[in-house]
Each structure stands twice: as structure tokens, then as C-alpha cells.
Amino acid sequence: MKQIISEKDIEALSGLFKVLGDPTRIKILSVLKDNELCVNEITEKLNLSVSAISHQLNTLKTAKLIKSRREGKNIYYSLDDEHVDILFKNALEHIRHG
């Protein structure tokens, strides 16, 4: 018999997909996929304002999709773990399939 997904897991998945439903956040994840970057580097790559990027980084961090580390005055961001990379790659492969 198949296990039914709990209400708690359904809510968590729904929240995750809502976070992933924003084009700017997808762009940020795509530039962080292979690189650890600071806010200024992300803004340069995406041609967006620091405030717009900072807001989205906070949302991604709250959702545990990215992590940060401080080095001097700079904060560097990267994907939280390999699960985020796999999720991103699988979703991309899915939309490109067929």
C-alpha cells in the first residue's frame, strides 16, 4: 500500500513550489548553481538592483534553498546542499523533455 503524504509535508512542498515559482529566484538559483557569489556579483550577472536581489536572497535562505557565509565585509551565497542542485537539474530536465 502506498504511503499517503502527510498534511505537514503537503504544506511544506506547496511552500517550496511557491518559492520556486518566482522568475527572479530561479535566476538567482541558476547563477548560484555552480558558483558561490556575493550580492554585488549576483546583481552584475542578473542586471538587477541590490535591494531586489537582497529581498529574494532572504526568501531563498528562509526556504533553505541557499546558505551564506561571511568573509570580511562580504557575504557569499551558494546552494544549500546537493538536494537543491538535484531539484534544479531535474526540474530543468523535465521542462526540456519531449
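The values are calculated or read from the model by the stated rules, or taken from the named source; none is laboratory data. Note that this is a predicted model, so its numbers are computed, not measured. Don't worry about glycine lacking a Cβ; one is built from the backbone with ideal geometry, like all the others, and counts go over all protein chains shown. All accessible areas refer to the heavy atoms of the entire protein, side chains included, with ligands and DNA or RNA removed. Shrake-Rupley method; radii C 1.70, N 1.55, O 1.52, S 1.80 Å.
For Glu44, only one of the following conditions fails: (1) acidic (Asp, Glu); (2) open to solvent by 100 Å² or more (accessible area, probe 1.4 Å); (3) in contact with a strand residue (DSSP E or B) (Cβ under 7 Å, 6 or more places away or on another chain). What is its number?
In the conditions (1) acidic (Asp, Glu); (2) open to solvent by 100 Å² or more (accessible area, probe 1.4 Å); (3) in contact with a strand residue (DSSP E or B) (Cβ under 7 Å, 6 or more places away or on another chain), Glu44 misses (3) alone.
Here are Ser6, Ser51: which of them is among the small types (Gly, Ala, Ser), over 14 Å from Tyr76 (Cβ atoms) and open to solvent by less than 60 Å² (accessible area, probe 1.4 Å)? Break it down stepwise before answering.
Working: Ser51 fails: open to solvent by less than 60 Å² (accessible area, probe 1.4 Å).
Unique residue meeting the criteria: Ser6.
On the given criteria, is Leu87 out of contact with any strand residue (DSSP E or B) (no Cβ under 6 Å at 6 or more places or on another chain), assigned to a helix (DSSP H, G or I) and open to solvent by 70 Å² or more (accessible area, probe 1.4 Å)? Walk me through it before giving the result.
Numbers: out of contact with any strand residue (DSSP E or B) (no Cβ under 6 Å at 6 or more places or on another chain): yes; assigned to a helix (DSSP H, G or I): yes; open to solvent by 70 Å² or more (accessible area, probe 1.4 Å): no.
Taking the combined requirement at face value, the residue does not satisfy it.
Is at least one residue of the stretch 26-39 in contact with a Leu (Cβ under 6 Å, 6 or more places away or on another chain), more than 13 Å from Ser68 (Cα to Cα) and surrounded by 13 or more Cβ atoms within 10 Å (Cβ to Cβ)? I'd like the intermediate steps shown before the answer.
First, pick out the residues of the stretch 26-39 that are in contact with a Leu (Cβ under 6 Å, 6 or more places away or on another chain): 27, 32.
Keeping just the survivors that are more than 13 Å from Ser68 (Cα to Cα) gives 27.
Add one more test, that the residue is surrounded by 13 or more Cβ atoms within 10 Å (Cβ to Cβ), and what stays is 27.
Yes, the conditions are met somewhere in the stretch 26-39.
Just checking, how many residues over the stretch 58-80 are open to solvent by less than 60 Å² (accessible area, probe 1.4 Å) and free of Cβ contacts under 8 Å to residues at least 12 places away in the same chain? Let's see the steps before the verdict.
Step one: filter the stretch 58-80 for residues open to solvent by less than 60 Å² (accessible area, probe 1.4 Å), giving 59-60, 63, 65-66, 68, 75-80.
With free of Cβ contacts under 8 Å to residues at least 12 places away in the same chain added as a condition, the list becomes 68.
Matching residues across the stretch 58-80 total 1.
Need the failing condition index for Lys27 against (1) part of a helix (DSSP H, G or I); (2) free of Cβ contacts under 8 Å to residues at least 12 places away in the same chain, just the number.
Lys27 satisfies all of (1) part of a helix (DSSP H, G or I); (2) free of Cβ contacts under 8 Å to residues at least 12 places away in the same chain except (2).
What's the number of the condition Gly98 fails, among (1) over 12 Å from the mean Cα position of the chain (by Cα); (2) surrounded by 10 or more Cβ atoms within 10 Å (Cβ to Cβ); (3) in a loop (DSSP other than H, G, I, E, B)?
Of everything listed in (1) over 12 Å from the mean Cα position of the chain (by Cα); (2) surrounded by 10 or more Cβ atoms within 10 Å (Cβ to Cβ); (3) in a loop (DSSP other than H, G, I, E, B), Gly98 misses just condition (2).
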